[in-house]
1. Report, by residue number, each residue of segment 67-90 that is in contact with a Ser or Thr (Cβ under 8 Å, 6 or more places away or on another chain) and open to solvent by less than 30 Å² (accessible area, probe 1.4 Å).
2. Tell me which residues, restricted to segment 164-190, are at pLDDT 90 or above and of a type in the set (Asp, Glu).
3. Out of all the residues in segment 304-320, which are touching a strand residue (DSSP E or B) at 6+ places or on another chain (Cβ under 6 Å) and either surrounded by 22 or more Cβ atoms within 10 Å (Cβ to Cβ) or hydroxyl-bearing (Ser, Thr, Tyr) (or both)?
4. Counting just the residues of segment 5-30 that are at pLDDT below 95 and either open to solvent by 60 Å² or more (accessible area, probe 1.4 Å) or not in a helix (DSSP H, G or I) (or both), which one comes out nearest to residue 178 (Cα to Cα)?
5. For segment 285-303, name all the residues that are touching a residue at least 40 places away in the same chain (Cβ under 8 Å) and open to solvent by 30 Å² or more (accessible area, probe 1.4 Å).
6. Restricting attention to segment 204-219, and to residues there that are part of a helix (DSSP H, G or I) and over 10 Å from residue 326 (Cα atoms), which single residue is modelled with the highest pLDDT?
7. Name the residues in segment 293-324 that are among the hydrophobic types (A, V, I, L, M, F, W, C) and within 12 Å of residue 343 (Cα to Cα), would you?
8. Which one is farthest from residue 300 (Cα to Cα), of the residues in segment 179-236 that are among the basic types (Lys, Arg) and more than 24 Å from the chain's Cα centre (by Cα)?
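The values are calculated or read from the model by the stated rules, or taken from the named source; none is laboratory data. The structure presented is a predicted model; accordingly, all values stated were derived computationally and were not measured. Positions of Cβ are backbone-derived with ideal geometry, glycine not excepted, and every protein chain shown enters the neighbour counts. Ligands, DNA and RNA are excluded from the accessible area calculation, which covers all protein heavy atoms including side chains. Shrake-Rupley method; radii C 1.70, N 1.55, O 1.52, S 1.80 Å.
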Amino acid sequence: MTKKTVVVSGINLFQGGTLRVYYNFCDEIIQSGLHKQYHFILFVHKKELFEKYNDYFEILELPKSRKSWFIRMYYEYIYFKKYSKDKDIYLWISIHDSSPRVHAKHQISYFHNPTFSYKAGYRDFKYNKKVFIFSFVYKYVYKWNVKANDFVIVQQDWIARSMSKLLDFDLNKIIVMRADHKIEKSEKKLEKLKPYTFFFPSVSRHFKNFEIICEAVKLLNQNINPSLYQVILTFDGSEDKYAKDILNAYGNLENIDFCGLLPLDEVYDYYQKSSCLIFPSKLETWGLPISEAKEFDLPMIVADLDYAHETVGIYDKVCFFDPDNAAMLANLMNKAIHNEPIFNSASYVNTSPNSCTSWKEVFDKFE
């Protein structure tokens with residue numbers, strides 16, 4: 001029996017959390033056995049990033065796809081239509097925030113870029129003009145050809161509600177598939193670091209809001225002995241202008257360790273060794289370190305934003321803070337250091353009418 005063909009396009013995904021979305025998709029397809037039921041063709045930016053999947057999928061490379069926005073649009077709306085015209089494609093999955101023009105029986109788009117909801121300002125223009133521009137234009141990119149989809153997939157309820165209004169798209173056709181997942185933890189047992197250690201693992205992006213932590217440390221050091229605590233931040237100033245500016249402004253703070261980007265196993269070690277996660281990011285569709293820290297039962301101080309409440313979900317060691325208020329964060333850090341009861345229980349009730357826990361459930365919708 002001939003397998004039905006499923007094409008997956010993710011030619012803009014090449015690093016960080018967005019690439020992990022593509023990897024998680026591939027891993028789940030293999031683990032569920034769907035790769036045995038369907039013939040998968042994967043469009044990627046670089047084949048070398050997907051070598052571990054060569055035995056499971058047909059992988060096609062479009063290396064020019066990231067050279068410019070116009071080239072990507074050519075692939076999405078002209079090349080893919082030509083490619084699919086004479087092929088019997090059962091399902092086309094766009095896994096990176098667009099709805100390409102294709103010939104396929106069914107079509108799905110997975111939106112995981114939250115820029116459409118972001119209110120950009122001067123700092124965005126200064127540090128990342130792409131984010132600044134996208135905050136204005138992404139809402140229109142999302143609308144292009146969106147009605148061609150049987151379903152669109154997002155990671156959280158608040159995004160589903162927002163996008164239903166933005167796209168004029170039936171909420172029942174927006175699938176919420178949460179990124180929360182179990183991680184493979186090492187069996188080794190590590191002692192907690194001394195002194196009290198705050199940890200924020202992230203790549204250098206200006207919307208990650210590293211400076212609110214640094215400013216809180218600056219304030220806190222005026223009131224308590226800096227030797228009572230330390231902060232671990234995973235950049236070293238060499239990454240980009242934002243990282244360099246942060247280091248220039250706060251590099252003199254002796255209890256901040258700008259340790260640079262860490263491999264995943266070391267990040268997991270720090271979850272186990274640290275006293276508390278701080279997660280101040282202003283722009284996320286999920287906030288994976290929150291989920292990871294929960295796996296290690298780590299107390300956390302988290303930005304009081306929609307995405308964070310939903311990602312935290314049900315947890316009993318969390319407190320929320322205004323991500324623009326350094327004094328508030330410094331106060332919470334001070335209380336945490338002195339073992340005052342700031343961490344409380346949180347809960348979140350799902351509100352979306354259409355949710356899936358796996359890609360297999362998504363595929364089952366077409367059977």
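1. Within segment 67-90, the subset in contact with a Ser or Thr (Cβ under 8 Å, 6 or more places away or on another chain) is 71-72, 75-76, 80, 87-90.
The answer is 72, 75, 76, 80, 89, 90.
2. 170
3. Taking segment 304-320 as the starting set, the residues that turn out to be touching a strand residue (DSSP E or B) at 6+ places or on another chain (Cβ under 6 Å) are 304, 308, 312, 315-316, 318-320.
Within segment 304-320, 308, 312, 315, 318 qualify.
4. Filtering first and then ranking leaves 24.
5. Selection gives 288, 295, 296.
6. Pass one, segment 204-219, residues part of a helix (DSSP H, G or I): 206-208, 210-219.
With over 10 Å from residue 326 (Cα atoms) added as a condition, the list becomes 206-208, 210.
Details: 206: 84, 207: 87, 208: 93, 210: 96.
This residue is 210.
7. Taking segment 293-324 and keeping what is among the hydrophobic types (A, V, I, L, M, F, W, C), we get 293, 296, 298, 300-303, 305, 308, 312, 314, 318-321.
298, 300, 301, 302, 318, 319, 320, 321 - these are the residues of segment 293-324 that are among the hydrophobic types (A, V, I, L, M, F, W, C) and within 12 Å of residue 343 (Cα to Cα).
8. Narrowing segment 179-236 to residues among the basic types (Lys, Arg): 182, 185, 188-189, 192, 194, 205, 208, 218.
Next, only the ones that are more than 24 Å from the chain's Cα centre (by Cα) stay: 188-189, 192, 194, 218.
Working: 188: 22, 189: 20, 192: 15, 194: 17, 218: 20 Å.
Here the residue is 188.
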